[in-house]
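Novice: What follows is a structure written as structure tokens; I'll ask about it next.
The values are calculated or read from the model by the stated rules, or taken from the named source; none is laboratory data. Predicted, not measured: the structure shown is a model, and the values here were computed from it. Backbone-built Cβ (ideal geometry, glycine too); neighbour counts: all protein chains shown. Heads up: the accessible areas ignore ligands, DNA and RNA and are worked out on the full protein's heavy atoms, side chains in. Shrake-Rupley method; radii C 1.70, N 1.55, O 1.52, S 1.80 Å.
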Amino acid sequence: AKAREVQALVRRLQRMDVEVRRLSQPLAVPDFRAYGRDPSATTLPAGTYWVPMAQRQKHWVQAMLNESTYTPVGYAYDIVGWSSPLLFNVAGGSSGAVLAPKATVAGAQAEPAPPALPSKRPSIAVYSMSPQFSRGIESSGWLHWLLDRWGVVYRDVTATDIATGGLSGAEVLLVPDGYALKDPAFPSDPYGYKDLGPKGRENLKAWVQGGGRYVGWLDGGVLASALGISGTVYGDGGDAGVSTPGSLFRVRVNDGSPLAAGVGPFAWTLDDARYVLTAGAGATVPLRYPDAGSSDFFVSGQADGAAALGGRPAATDERVGRGRIVAFGFDPNFRAFADGTQKLLRNAVFGADPAAARASAARAGSRARAASARRAVRSTRGLTVAKDPLRLVVRARGERKAKRILARFGATYRVQRARKRVQFVVANPTRAQGDEHPYARELGVALRAAKVPVVMLRVP
């Protein structure tokens, strides 16, 4: 089931002049460290790919194949989880022992063909609710690139289309990330819920209840809860005390879910922990973060307060009338290079519905589902919505110093407190990115000079 992903990964290494070998005989390894696991004695079978470190590209190999590349500082403007095997969701690991494998150099790998799609495909529509803002532009653009690469026929619909019957004939609606709700700092800006208007909201609810399959991620899922058609409750990740620029989290896959086909028992999500999810009544949980502290819980990259995600859903799947809503708490197609979770998205779009027994149970609990929907709507009203903010996390003892420095730059912010940490969600009224921001670089310098106990500073 992972042949295509393995081929793509080996090709990536070879294109950077990395020598990749393949075992011709089984190899006993006394200290094999599987990704995210403790070392153990293991015998690797013939056919296993082996990348020796005794080669000139060793530093590039370390950067791309380590389970968690070391991040020496708490200052970041981009993601910090980029281990290629985890992004591909393939099994692998490392050894520090002196070994003498029997192996041959692997032949040059060709670009793998796009994954096979079912002969009978649903009619697909895409609603990009925030084409004006970078968050929506990026998530929607990645999705369009992926669908084109897969050879999928789809059509784009706008909020106006939905309000005027534009979902007629569509069987699947894909709703990528964007802004579902209003940013109080920009009350006149467009956003998904507002743009749909009363008629669009009514039509979208009716379309799902009439048999449509709604697949959304991040704010694409929030929109379904804000509309009251999903029972998934969303909590603000900052309020829960979790913060990360974007790391790889291991999640357990429910092998009874249609999303699990070809994925394996675990997957790795590229996650910025924006939201903490709670499944509603009648919903199944196809992906769940392992319990914090268990041997399965592992983060590749930099994350503070990651334990808050322990045991929580990473995605939910629920029947709504004759339809279905699949909501991901992360972008399964992040930058169009998260191949491992793209398979989850493909299964959500083209896979079967959950077992009939589960659908019957969901319908039987309609009163409970209605209560879940009301809780879900309320949860969306309490979410922090800020367009391209700076996020500063400090230890509680550094709060006063941090406030004085932020005041020096005239910053306005919202404070979130959890687990002896204080997070400042700093407004970015010009929506400037990276080095274009008027004081982002100077802020980091000032915090360091004042010896503020910074846990993490993330610049948009």
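Novice: Please find, within the range 135-162, the residue that is nearest to PHE337 (Cα to Cα) out of those that are surrounded by 15 or more Cβ atoms within 10 Å (Cβ to Cβ) and among the acidic types (Asp, Glu).
Specialist: So the residue we want is GLU138.
Listed here are the residues, each with its yes/no results for (1) assigned to a helix (DSSP H, G or I); (2) surrounded by fewer than 24 Cβ atoms within 10 Å (Cβ to Cβ).
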| position | (1), (2) |
| --- | --- |
| GLY197 | yes, yes |
| GLY221 | yes, no |
| SER225 | yes, no |
| GLY231 | no, no |
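Novice: Looking at the range 87-101, I want the residues that are under 28 Å from ASN333 (Cβ atoms) and open to solvent by less than 40 Å² (accessible area, probe 1.4 Å) and have a partner that is modelled with pLDDT of 95 or more and among the hydrophobic types (A, V, I, L, M, F, W, C) with Cβ atoms under 6 Å, at least 6 apart or on another chain. Which pairs are those?
Specialist: Sorted first by the residue in the range 87-101, then by its partner, the pairs are LEU87/ALA338; PHE88/LEU9; ASN89/ALA267; ASN89/TRP268; VAL90/VAL6; GLY93/PHE32; GLY93/ALA34.
Novice: Right, next: If only one of ALA327, ALA314 is within 17 Å of SER139 (Cα to Cα), touching a residue at least 60 places away in the same chain (Cβ under 8 Å) and within 12 Å of the chain's Cα centre (by Cα), which one is it? Working first, answer last.
Specialist: On the way: ALA314 fails: within 17 Å of SER139 (Cα to Cα).
Of the residues listed, the single one that is within 17 Å of SER139 (Cα to Cα), touching a residue at least 60 places away in the same chain (Cβ under 8 Å) and within 12 Å of the chain's Cα centre (by Cα) is ALA327.
Novice: Out of everything in the range 405-460 that is in a strand (DSSP E or B) and aromatic (Phe, Trp, Tyr), what residue ends up being nearest to the chain's Cα centre (by Cα)? Break it down into steps so the answer makes sense when it comes.
Specialist: So in the range 405-460, the residues in a strand (DSSP E or B) come out as 413-418, 421-426, 454-458.
Still in the list and also aromatic (Phe, Trp, Tyr): 413, 424.
Working: TYR413: 25, PHE424: 23 Å.
Taking the candidates together, the pick is PHE424.
Novice: Tell me, which residue of the range 387-413 that is touching a residue at least 60 places away in the same chain (Cβ under 8 Å) and touching a Phe, Trp or Tyr at 6+ places or on another chain (Cβ under 9 Å) is surrounded by the most Cβ atoms within 10 Å (Cβ to Cβ)?
Specialist: This residue is LEU392.
Novice: Another one. Of a type in the set (Asp, Glu), open to solvent by 10 Å² or more (accessible area, probe 1.4 Å) and touching a residue at least 24 places away in the same chain (Cβ under 8 Å): is that true of ASP272 in this structure?
Specialist: Yes; evaluated as a whole, the condition is true for this residue.
Novice: Mind checking which residues of the range 294-314 are of a type outside the set (S, T, N, Q) and in contact with a helix residue (DSSP H, G or I) (Cβ under 7 Å, 6 or more places away or on another chain)?
Specialist: VAL299
Novice: Looking at MET53, is it touching a helix residue (DSSP H, G or I) at 6+ places or on another chain (Cβ under 8 Å), in a loop (DSSP other than H, G, I, E, B) and open to solvent by 30 Å² or more (accessible area, probe 1.4 Å)?
Specialist: yes
Novice: Run GLU399 past the list (1) of a type in the set (Asp, Glu); (2) at pLDDT 95 or above; (3) within 29 Å of the chain's Cα centre (by Cα) and report the number of the one that doesn't hold.
Specialist: (3)
Novice: Can you find, within the range 350-382, the residue that is surrounded by the most Cβ atoms within 10 Å (Cβ to Cβ) among those that are of a type in the set (A, V, I, L, M, F, W, C) and at pLDDT 95 or above?
Specialist: This residue is ALA376.
Novice: Considering only residues that are closer than 25 Å to ALA338 by Cα, in contact with a strand residue (DSSP E or B) (Cβ under 8 Å, 6 or more places away or on another chain) and either small (Gly, Ala, Ser) or in a helix (DSSP H, G or I) (or both), which ones fall in the range 1-46?
Specialist: The answer is VAL6, VAL10, ALA34, GLY36.
Novice: Check ASP31 against each of (1) charged (D, E, K, R); (2) within 30 Å of ASN347 (Cβ to Cβ); (3) at pLDDT 95 or above and name the one condition it does not meet.
Specialist: The failed condition is (2).
Novice: Next question, about the same structure. From the list GLY165, GLY178, GLY169, which one is assigned to a loop (DSSP other than H, G, I, E, B) and open to solvent by less than 10 Å² (accessible area, probe 1.4 Å)? Before the answer, list the steps.
Specialist: On the way: GLY165 fails: open to solvent by less than 10 Å² (accessible area, probe 1.4 Å); GLY169 fails: open to solvent by less than 10 Å² (accessible area, probe 1.4 Å).
Matching residue, one of GLY165, GLY178, GLY169: GLY178.
Novice: A further question follows. Can you tell me which residues in the range 56-80 are closer than 24 Å to ARG395 by Cβ and loosely packed, with under 14 Cβ neighbours inside 10 Å?
Specialist: Scanning the range 56-80 gives TYR70, PRO72, VAL73, ASP78.
Novice: Output the number of residues of the range 414-460 satisfying the condition of being under 16 Å from TYR77 (Cα atoms) and open to solvent by 50 Å² or more (accessible area, probe 1.4 Å).
Specialist: Total satisfying the criteria: 9.
Novice: In addition: Just a yes or no: is a residue in the range 105-113 on the phi < 0 side of the Ramachandran plot, surrounded by fewer than 16 Cβ atoms within 10 Å (Cβ to Cβ), in contact with a Lys or Arg (Cβ under 8 Å, 6 or more places away or on another chain) and part of a strand (DSSP E or B)?
Specialist: Scanning the range 105-113, I find at least one residue that is on the phi < 0 side of the Ramachandran plot, surrounded by fewer than 16 Cβ atoms within 10 Å (Cβ to Cβ), in contact with a Lys or Arg (Cβ under 8 Å, 6 or more places away or on another chain) and part of a strand (DSSP E or B), so the answer is yes.
Novice: Turning to a different aspect of this structure: Cβ-Cβ under 9 Å, sequence separation 6+ or interchain: first residue in the range 188-207 and in contact (Cβ under 8 Å) with a residue 12 or more places away in the chain, partner among the acidic types (Asp, Glu) and open to solvent by less than 80 Å² (accessible area, probe 1.4 Å). Which pairs?
Specialist: ASP189/ASP183; TYR191/ASP183; TYR191/ASP219; GLY192/ASP219; GLY200/ASP161
Novice: Is it true that SER119 is without any contact (Cβ under 8 Å) to a residue 12 or more places away in the chain, over 22 Å from ARG12 (Cβ atoms) and either among the hydroxyl-bearing types (Ser, Thr, Tyr) or in a strand (DSSP E or B) (or both)?
Specialist: For SER119, the condition - without any contact (Cβ under 8 Å) to a residue 12 or more places away in the chain, over 22 Å from ARG12 (Cβ atoms) and either among the hydroxyl-bearing types (Ser, Thr, Tyr) or in a strand (DSSP E or B) (or both) - is met.
Novice: So ALA125 passes all but one of these: (1) over 30 Å from GLY434 (Cβ atoms); (2) touching a helix residue (DSSP H, G or I) at 6+ places or on another chain (Cβ under 6 Å); (3) not aromatic (Phe, Trp, Tyr); (4) not in a loop (DSSP other than H, G, I, E, B). Which condition number does it fail?
Specialist: Going through (1) over 30 Å from GLY434 (Cβ atoms); (2) touching a helix residue (DSSP H, G or I) at 6+ places or on another chain (Cβ under 6 Å); (3) not aromatic (Phe, Trp, Tyr); (4) not in a loop (DSSP other than H, G, I, E, B) one by one, ALA125 breaks only (2).
Novice: Moving on to the next point. Search the range 312-349 for residues being charged (D, E, K, R) and surrounded by fewer than 24 Cβ atoms within 10 Å (Cβ to Cβ), and hand back the single one that is farthest from GLU171 (Cα to Cα).
Specialist: ARG312
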